[in-house]
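Let me begin by presenting the structure, written as structure tokens, before commenting on it.
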Amino acid sequence: MAEIIEIDDHRPHITAELACMYCKGRAICCWMEDTPMKDLECGHCGEVGGLIKTGQYLR
Ligand SMILES: [Zn+2]
């Protein structure tokens, strides 16, 4: 069962669509603002450092 966390304990954060340069996977991701994108792990292939923002607007 997934762990439920309190979002207010993890602000400020960033939400954006990211694409992986290794596997071409895309996902809407949310991470802590002080975490460098080079440290993010792709949820599809598990590689670290290959995620970039797509620029897709989120509504
Ligand atoms: Zn990937």
In region 23-59, what residues are under 21 Å from D9 (Cα atoms), among the β-branched types (V, I, T) and modelled with pLDDT of 95 or more? I28
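Can you work out which of the residues in region 24-54 that are small (G, A, S) and free of Cβ contacts under 8 Å to residues at least 24 places away in the same chain is surrounded by the fewest Cβ atoms within 10 Å (Cβ to Cβ)?
Our first condition is that a residue be small (G, A, S); within region 24-54, this holds for 25, 27, 43, 46, 49-50.
Next, from what is left, pick out any that are free of Cβ contacts under 8 Å to residues at least 24 places away in the same chain: 25, 27, 43, 46, 49.
Values: G25: 16, A27: 14, G43: 12, G46: 10, G49: 14.
Taking the candidates together, the pick is G46.
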The number of residues in region 24-36 that are within 16 Å of the ligand (Cβ to nearest atom) and out of contact with any Gly (no Cβ under 8 Å at 6 or more places or on another chain) is 4
For region 4-23 the number of residues that are open to solvent by less than 50 Å² (accessible area, probe 1.4 Å) and within 16 Å of the ligand (Cβ to nearest atom) is 5
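The values are calculated or read from the model by the stated rules, or taken from the named source; none is laboratory data. No experiment lies behind these values; they were computed from the predicted model shown. Note: ideal-geometry Cβ built from the backbone for every residue, glycine included; neighbour counts use all protein chains shown. SASA here: full protein model, heavy atoms, side chains in, ligands and nucleic acids out. Shrake-Rupley method; radii C 1.70, N 1.55, O 1.52, S 1.80 Å.
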